[in-house]
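Coordinate-derived values only; no laboratory data. The structure presented is a predicted model; accordingly, all values stated were derived computationally and were not measured.
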Amino acid sequence: MRIGELARRTGVSTRSLRYYEQHGLLRAHRSANGYRHYAEADVRLVSEIRALLSVGFTLEDTRPFVDCLRSGHDSGGSCPESMAVYQRKLAEIDDEIRLLLTRRAEVAAQLAGSCEGCFFRGDT
């Protein structure tokens, strides 16, 4: 299929598809006239990349998932390298949550000190 069809089927712009190709995540075959042609399996690859990017993974983070799918696995997350990226990402998210909870407590304390008797959302 040509790049326009892959873009339409995956909901990704042709510019993004070219970007994925530039970073080695997607491989296009070139016809004699220079048009990019993609395999049916590339729909799954692009969908995997898009899903991971939408939840905060970087483009480089998606590489093990793409490699896992290319090696014939049903899920991009079923390979040890992918699982390691999942675990690292969860640890990063946990760190961010801890930081946000600390900041929230600090802001709540400042509010409480500035406005005795004020009720604010999240007060228990």
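Quick notes
- Computed extension length for GLN22-ALA105: 25.5 nm, one decimal, from 0.36 nm per residue of separation with the Cα-Cα distance subtracted.
- Radius ratio Rg over Rh of the range 3-114, counting only Cα atoms, Kirkwood formula for Rh: 1.19
- Residue among GLY113, GLY76, GLY11 with the largest mean-square fluctuation in a Gaussian network model of the chain, springs linking Cα atoms under 10 Å: GLY113
- In the chain, the longest principal axis of the Cα atoms and the axis of helix 41-54 are about 20 degrees apart.
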